[in-house]
Amino acid sequence: MSSLICNYFIFSSNPFLFTDMSIKENEITLKKITAHCKEYGFIFGSSEIYDGLSASYDYGPNGVLLKNNISEFWWKSMVQMNENIVGLDASIFMHPKTWKASGHVDAFNDPLIDNKDSKKRYRADVLVEDHIAKIHLKINKEVIKARKQFGESFDETHFISTHPRVINYRNQIQSIENRMKTIIAENNLESFKKLIIDLKISDPVSGTKNWTDVRQFNLMFSTEIGSVSEDAHTIYLRPETAQGIFVNFSNIQKSSRMKPPFGIAQIGKAFRNEIIARQFIFRMREFEQMEMQFFVKPGEEMQWYEHWKLKRMRWHNALGLGPKKYRFHEHLNPAHYANAACDIEFEFPMGFKELEGIHSRTDFDLTAHEKLSGKKLRYFDPQENESYIPYVVETSIGLDRMFLALLSAAYQEEVLEDNSKRIVLKLPAALAPSKVAVLPLMNKDGLPEKAQEIFKELKFDITAQYDAKDAIGRRYRRQDAVGTPFCITVDHQSLKDDTVTIRERDSMKQKRIPKTDIQRILEENINLKGLLKSI
Ligand code: GAP
């Protein structure tokens, strides 16, 4: 989430966040996932042959299939399944006034500070956040020590609320959070630096406290439009897709004859000059958003906000990653234009973090665009004989972040009965990059020809792979590693009786079936209908 709508992220007192311990333990897992993504053609670092570009990534052959399947699932769940939601694909470049009206020119900032010795640049709020995390770690250590001492009878809640040292740590955290809240509300950069000095925060690289002043840094990427410098204008790469929806409100409402409540959905690239872009594809400078703005009658927004919270959680739960992987994080201090906001957080390898935002954005955006453009952005209600600016409930999820959530939950290392290891991606079958692999048991005796025949027929309807190289066991492992839910194996018996074996990825169970049943069995198991029905 951007600083424009930032008040949420710094004030969490969740001890799970950013502790040194959790970072160390979990980065191994994220590293494994990153390595797996590269080895199996899901994601590569951008322009690697030139040593890469930080926080930019390219989706490889399996990655692009998985990403497209996620966005198809989102799009269908929004546009195809709801008669009152329509789609849009707005341009990335927009009139610069768009970003003035939306507040991004003036307030889409991160507070930055440089260390004069290491010349490294940091987000001031992240430095303070990390400092708070260290205090949480001290609390954790006290808890671990006491648990060892008291054994079974240990009452953690009582200990945390009564132990003098823990109380002192908790008070410290509260006081820092309060100071930070005021600093951000007042945009007081001098006090921000003073907070960092008062907390004796040193640069993790140089170890010194030789800090510059804190400055605001706008996160939008800008470029020039125009052929010669004299008539060039500064334009921005959009930092969110939502504004393309707001400026098209009247076009879409009138051309689609929509009346509130109705929604506009869009999937597209967004760009933010994140200073601290890290944790693989979790925070990137170029990323993709899937956003839906739902326009409602003023006064009805809270009911729709609750509706979309539940509906979005159902969408996530339909994927079967387990309800414990998700939680809501309600914003106690929603941004100035919102009257309610929450995140759906997901348990990534580095802890629970924001996956999706649901915001009740009031009439802030439409009113701001109406004022600056001078064009009416209203709905005329013929029954009431009056026009009004609708209120908006927004659902906004990062496609790349959803990709990481899916992949990190699906990635499993298993030890099999014969003590061998397999890596398997237990992806929901409907989203897997390939739905089936067709494998001749041996690359001879007419088996490849028979397998090719099946493969050629299947690929009209589904993404299928054909693989004849290496021993069959190794080919199964390869398909497990990319999450292919089914393997069809053609063996010598297939030539005699037109049967094949079908192997299921998760159970590894194999069954002999008539060739004529393949299509039906696959269709029953891999189509999106099941997922869409359970939302
Ligand atoms: N229109 C509202 C909006 O843009 P946001 O919380 O800033 O709200 C929405 O972004 C979602 O976009 C986030 O929940 C996250 O999934 C994704 N997102 C935001 N910044 C991102 C980044 N730098 N890299 C990857 N995904 C990002």
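In segment 76-102, the residues that are surrounded by fewer than 16 Cβ atoms within 10 Å (Cβ to Cβ) form Cβ pairs under 6 Å with partners that are of a type in the set (F, W, Y) and assigned to a strand (DSSP E or B), at six or more places apart or across chains, as follows: N84/F262.
Residue pairs whose Cβ atoms lie under 7 Å apart, separated by 6 or more positions or on different chains, with the first residue in segment 52-63 and polar (S, T, N, Q) and the second part of a loop (DSSP other than H, G, I, E, B), are S54/A277; S56/S46; S56/M284; S56/R285; N62/Y40; N62/G41; N62/F42; N62/P433.
Where in segment 98-185 are there helices (runs of 4 or more DSSP H), lying wholly inside it, with at least 2 residues that are within 27 Å of the chain's Cα centre (by Cα) and closer than 27 Å to H336 by Cα?
Details: elements: 104-107, 124-150, 156-162.
Ranges flagged: 104-107, 124-150.
Exactly one residue out of F328, F380 is assigned by TED's automatic domain parsing to the domain that holds G87, surrounded by fewer than 16 Cβ atoms within 10 Å (Cβ to Cβ) and closer than 30 Å to C37 by Cα: that is F328. Scanning segment 349-365 for residues that are crowded, with 20+ Cβ neighbours inside 10 Å, more than 11 Å from the ligand (Cβ to nearest atom), farther than 17 Å from Q243 by Cα and hydrophobic (A, V, I, L, M, F, W, C) turns up just one, M350. For segment 212-221, the condition holds for no residue, the condition being that it is within 16 Å of the ligand (Cβ to nearest atom), among the acidic types (D, E) and in contact (Cβ under 8 Å) with a residue 12 or more places away in the chain.
Please work out if I33 is modelled with pLDDT of 95 or more, farther than 18 Å from F287 by Cα, under 17 Å from the mean Cα position of the chain (by Cα) and buried (at least 18 other Cβ atoms within 10 Å of the Cβ). Answer is yes for this residue.
Residue by residue, here is whether (1) farther than 26 Å from R312 by Cα; (2) in a helix (DSSP H, G or I); (3) polar (S, T, N, Q) holds:
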position	(1), (2), (3)
L195	yes, yes, no
D213	yes, no, no
Q216	yes, no, yes
E224	yes, no, no
E240	no, no, no
P260	no, no, no
G263	no, no, no
I281	no, yes, no
F287	no, no, no
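Checking the conditions here, which among K353, K371 is assigned to a strand (DSSP E or B) and under 27 Å from S102 (Cβ atoms)? Please lay out each step first, then the result.
Details: K371 fails: assigned to a strand (DSSP E or B).
Testing whether each residue is assigned to a strand (DSSP E or B) and under 27 Å from S102 (Cβ atoms) leaves just K353.
Tallying residues that are assigned to a helix (DSSP H, G or I), within 16 Å of the ligand (Cβ to nearest atom) and of a type outside the set (D, E, K, R) within segment 377-425 yields 9.
Checking the structure you have, find out if any residue of segment 256-271 is near the ligand (Cβ under 10 Å from one of its atoms), over 23 Å from L532 (Cα atoms) and not assigned by TED's automatic domain parsing to the domain that holds Y122. Yes, the conditions are met somewhere in segment 256-271.
The values are calculated or read from the model by the stated rules, or taken from the named source; none is laboratory data. Note that the structure is predicted; figures quoted are calculated from it, not measured. With ideal geometry, Cβ positions are generated from the backbone for all residues, glycine too; neighbour counts draw on all protein chains shown.
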